[in-house]
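Notes follow once the structure below has been shown.
The values are calculated or read from the model by the stated rules, or taken from the named source; none is laboratory data. Being a predicted model, the structure only gives us computed values, none of them experimental. Here the Cβ positions follow ideal geometry from the backbone for every residue, glycine too, while neighbour counts run over all protein chains shown.
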Amino acid sequence: MLLLSTLTEHLEYLSSARLPSPVRLILQSNLIHAEFVEWANKYNGPKFHAVLSDPPYGLKFMGKDWDRVSAKEWGDAMMPLLYPGAIVFMFGGTRTWHRLATGMEEAGFEMWDTFMWLHGQGFPKAQAIDKLID
């Protein structure tokens, strides 16, 4: 799933802010649910100011092919869709985020900062219960 957000030319504060004159926030968002690289190669609309994305983590999740996409391939497909200076937020797996960062750098993106949400839960691996008893 990919969320692409574009802001209009005038990004203003909410009218509830204590400013001399009333202002408003203008935001336009599009939610795209598609295989990203294929979609990006066909897209011919306006460029984007920001991207929020949750690409496959490369964990070979349940042996599925969709979880084997390279981050460089994503970055190569994304770069032409962005305005210069656009910001990209991407979620990565706790074990494979370094591949995401490296792939995006190889595609020409500049790394600024890394936000991390570390948690101890995830999709459990299968266990042989007979080996756990005793």
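Some notes on this structure:
- Any hit, segment 39-59, residues being at pLDDT below 85, among the hydrophobic types (A, V, I, L, M, F, W, C) and outside any strand (DSSP E or B): yes
- All conditions but one from (1) exposed (fewer than 11 other Cβ atoms within 10 Å of the Cβ); (2) at pLDDT below 85; (3) within 26 Å of Lys47 (Cα to Cα) apply to Pro84; the one that does not is (2).
- First in segment 87-99 and modelled with pLDDT of 85 or more, second anywhere and assigned to a strand (DSSP E or B) and among the hydroxyl-bearing types (Ser, Thr, Tyr), Cβ under 6 Å, 6 or more apart: Met90/Ser53
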